[in-house]
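The values are calculated or read from the model by the stated rules, or taken from the named source; none is laboratory data. Since the model is a prediction, treat every value here as computed from it, not as a measurement. A quick note on method: Cβ atoms are made from the backbone with ideal geometry, for glycine too, and the neighbour counts reach across all protein chains shown.
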Amino acid sequence: AFRAEAGRVFDWGPYLMSTQASAASVSCFRHVPMHDCWEQMVDGVLVEVLNTDLDVGRDVKVYWIATVLKIYGYKVLLRYEGFGSDGSKDFWSNLLSEDVHSVGWCATYGKMLAPPKSIKDKYGDWKEFLIKRLTGTRTIPPNFYVKAHEWLAEHKIKTGMYLEVVNKMCVSAMRLAVVKEVIGCRLRLNYVDSVEDNDEFWCHMSSALIHPVGWSQTVGHKLHASHDYMTSCLSKVTMQRFGPNDVTPDMFPKSKDPPHGLFFQVGMKLEAIDPLNLSAICVATVMKVLRNNFLMIGIDGSMAENGSDWFCYHATSPCIFPVGFCEINNLDLTPPRETKGPFKWFDYLKETGSMAAPVKLFDKDIPKHGFRPGMKVEAVDLMEPRLICVATVTKVVGRLLRIHFDGWENNYDQWIDCSSPDIYPVGWCEAMKHNLEGPHTRLENQPSTPPVISRKRKGKTQI
Ligand code: MLZ
């Protein structure tokens, strides 16, 4: 019943009420507008909001004051002032909507403020009522809507620009792509030099899967691109002279330095989130060390012979862990496919004559992120990154989150880092006019389309 229809945004309100769930606070997401002023957003703040309980012409906008009863991400349950404990007209809104303002906005901009018709006759003097009611109350920061949109517009990656992005058909290589559309800092990319017409990929502007023009050659990463592109990049990078449509290194956050000045070496073993099956943390090996502290990681026991499924993680990536991480945290570790009997790191290292990457190499900083199990979020299905779906945080392990897609089986779950730009607060899609997939209700004979990136490694049985 809650499934969104094509082109329509899923309606969180009734779903939140029926599941009695909480939602992660906007302040948990550093990549979304207004995250830095969310401490002010507490139950009980007042707003000026469109008054829909009035018989006025469609083009006339009249406002009234409402209390925020409950906050779920950007979504709020509101009650018009004057209703007291009567919840019959409570309604849902989005704090990023055009029709929600701070108290005082109507007076400043000469807009009409009038009580809803159901309570019009309740008080003789509305002015006096409001003055009493408003004393000592709090409101949201002024010009909220405008500020949110200014924040979004500040970002430098725009439609028409070129960048390097992981090749979804062969994740060990990068390709050149052009930005076709930007929705709330999410990019719709088209692979350049593609035989297909609409060969697209979606990711956030600060995704670890995209890089500036010339990046692959700078760090020594495999690149599937034309000879012309490669030679033009070389001169751009060496001269540090880029074109107006090139995405450049300054448009990305500076990558961190590895702790203690220590470095990974080829052959070292570790545990890593499987990039082709994000529900699994696997036994893995450093297959190659690139420049600027980037690593090519392979998943033991399922590596393609040609290395086409090696995956690039930065040495400070929160998605790689030291040997023993899963055991310490009581998580399932996916052993190499050929493992017989229970997997033991000690024996495996001995058998393979390899060395565990020293624990000191891993970034252990755990931010106060605020995510708790049970919180609802909007999450990208990274195997089909065009989709953002209704999801729940089901586990929190330090800075690592397990994301479950509501209504889908657990093998669709994804391990992601708390700072990942691929999760958003409830109400984000609605505010950005992005599609949101509602919880899955499987209808019989429902056609299922294959994922963009293989959802499971072939033959893998663990988890
Ligand atoms: N093509 C897929 C869509 C899966 C989307 C799941 N998102 C959590 C299927 O129907 O199986």
Taking the conditions exactly as written (modelled with pLDDT of 95 or more, touching a Leu at 6+ places or on another chain (Cβ under 8 Å) and not acidic (Asp, Glu)), does residue 267 satisfy them or not? no
Do we find a residue being at pLDDT 95 or above, farther than 29 Å from residue 299 by Cα, of a type in the set (Gly, Ala, Ser) and touching a Lys or Arg at 6+ places or on another chain (Cβ under 9 Å) anywhere in the stretch 416-433? yes
Pairs with Cβ under 6 Å, 6+ apart, first in the stretch 270-296 and within 22 Å of residue 217 (Cβ to Cβ), second of a type in the set (S, T, N, Q) and surrounded by fewer than 21 Cβ atoms within 10 Å (Cβ to Cβ): none
Report yes if residue 372 is over 13 Å from the mean Cα position of the chain (by Cα), away from the ligand (no atom under 16 Å from the Cβ) and within 19 Å of residue 73 (Cα to Cα), otherwise no. yes
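Determine, yes or no, whether residue 194 is within 25 Å of residue 309 (Cβ to Cβ) and modelled with pLDDT of 95 or more. Even if it seems obvious, please write down each step before you answer.
Numbers: within 25 Å of residue 309 (Cβ to Cβ): yes; modelled with pLDDT of 95 or more: no.
Taking the combined requirement at face value, the residue does not satisfy it.
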Single match in 133, 175 (criterion: among the basic types (Lys, Arg), modelled with pLDDT of 95 or more and over 21 Å from the mean Cα position of the chain (by Cα)): 175
Report, by residue number, each residue of the stretch 412-424 that is out of contact with any strand residue (DSSP E or B) (no Cβ under 7 Å at 6 or more places or on another chain) and in contact (Cβ under 8 Å) with a residue 24 or more places away in the chain. 419
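Take residue 77 and decide whether it is among the aliphatic types (A, V, I, L, M) and closer than 30 Å to residue 206 by Cβ. It would help to see each step written out before you state the result.
Working: among the aliphatic types (A, V, I, L, M): yes; closer than 30 Å to residue 206 by Cβ: no.
It is false that residue 77 is among the aliphatic types (A, V, I, L, M) and closer than 30 Å to residue 206 by Cβ.
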Tell me, which residue of the stretch 445-463 that is over 20 Å from residue 402 (Cβ atoms) and modelled with pLDDT of 60 or more is farthest from the chain's Cα centre (by Cα)? 445
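How about the stretch 276-372: which strands (runs of 3 or more DSSP E) wholly inside it have at least 3 residues that are farther than 27 Å from residue 395 by Cα?
Numbers: elements: 277-289, 294-299, 311-314.
Where strands (runs of 3 or more DSSP E) fall fully within the stretch 276-372 and carry at least 3 residues being farther than 27 Å from residue 395 by Cα, they are 277-289, 294-299.
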Within the stretch 301-350, work out how many residues are without any contact (Cβ under 8 Å) to a residue 24 or more places away in the chain and acidic (Asp, Glu). 3
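For every residue, the table says whether it meets (1) more than 10 Å from the ligand (Cβ to nearest atom); (2) of a type in the set (S, T, N, Q); (3) at positive phi; (4) in a strand (DSSP E or B).
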position	(1), (2), (3), (4)
393	yes, no, no, yes
396	yes, no, no, yes
403	no, no, no, yes
407	no, no, yes, no
441	yes, yes, no, no
From the list 365, 381, which residue is of a type in the set (D, E, K, R), on the phi < 0 side of the Ramachandran plot and surrounded by fewer than 16 Cβ atoms within 10 Å (Cβ to Cβ)? 365
